[in-house]
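**Q** Below you'll find the structure I mean.
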């Protein structure tokens, strides 16, 4: 799974939101995306400073932190310890693409984790077979990797309730995503393909990140709080 696509999905969420208000976890991901795009090394401290600067300039607001009056206006208070913990969890969950962790020391001799940008590995596209094997390796329409999706009839309310309950449980456990295949397995008794499930999730305002190989069963549903 290309976790960059998950961050791209979160960026879509940001652009679809009319106000510049996001959760702290989303703000951290957005700043990491910025560092990644600029190919910059960073630390959790850099993320904290960057978020605070965005708040100070009015470009960003955080909805799930304490607030205080600063210079006559109410502002979100971003604690570095919370940002550091989110960065640590995101890195452990492989949501920090193109980076490797390294332990460093500042001028005062205090240790901290530095995330070093590394170039992503290049992969060669598959070579089309020649001769008698040409055309034998196309994806059949019935395969879950096929780009076409068979329309799903209107789901009943019980199915939607079961779907939302499962995703709420995933979120409550602090997980950032869950595979579509895992959701499908929870919907026992309902005949629904992973491709149809992706459509259903998107139509009900869930955010789905595609898999590198195009296989719908490996798509991830974003469950950030």
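**Q** Picking from 153, 171, 191, which residue would you name as being assigned to a loop (DSSP other than H, G, I, E, B), out of contact with any helix residue (DSSP H, G or I) (no Cβ under 9 Å at 6 or more places or on another chain) and at pLDDT 75 or above?
**A** Just one listed residue meets the conditions, 191.
**Q** Among the residues of region 84-103, count how many are free of Cβ contacts under 8 Å to residues at least 40 places away in the same chain and either closer than 16 Å to residue 40 by Cβ or not in a helix (DSSP H, G or I) (or both).
**A** Qualifying residue count for the region: 5.
The values are calculated or read from the model by the stated rules, or taken from the named source; none is laboratory data. Just so it is clear, the model here is predicted, and its values are computed rather than measured. Please note: Cβ atoms are built from the backbone with ideal geometry, for glycine as well, and neighbour counts cover all protein chains shown.
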